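Peer 1: Sharing a structure, written as structure tokens. Questions coming.
No lab work stands behind these numbers, since they all come straight from the coordinates. Not measured: the values here are computed from a predicted model. We place every Cβ from the backbone using ideal geometry, glycine too, and count neighbours over all the protein chains shown.
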Amino acid sequence: MKRKALCAFLMLGLSGGVAMADTEHTVTVNGEAIDGFITELTFNGDQVTMKFEDGSTQTDDMSLVSIALTYSETSTGITEIETDDQSTVKRVYTISGQYVGTSTEGLPQGIYIVNGKKTIVK
């Protein structure tokens, strides 16, 4: 049961961590560090097969394999959201194509075409 929990934790860590932040891992087999970045782990009984970035694989007894994960605190995701300046509305049309001005202010509720995109005025 402990092995299944450890395996599930390792799989979550290896798969989810890469998208969230920079990650490094150290793999040791029988006390010796293994070079290469693991892209896939496969478990079969007491054996674990590690697939590396270069496509090579290595199979060892699970009791000999140790994997340590290290995450940096630096986020590699979205840091800023840029939007178009919404204050510069150019042309507003009704859904039927009738030109109604350059602003949605004061228009009755409905669907309008603003700068070529459908917009709902509430």
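Peer 1: Under a plain spin-label model, where a point goes 7 Å from the Cα along Cα-to-Cβ, how far apart in nm are Met62 and Thr79?
Peer 2: Reported label-point gap for Met62 and Thr79 is 4.1 nm.
Peer 1: Run the simple label-point estimate for Thr119 and Ser103 please: 7 Å along Cα→C-beta, distance reported in nm.
Peer 2: 1.2
Peer 1: For the pair Thr28/Thr94, report the inter-label distance in nm, with labels modelled 7 Å from Cα in the Cβ direction.
Peer 2: About 7.6 nm, to one decimal.
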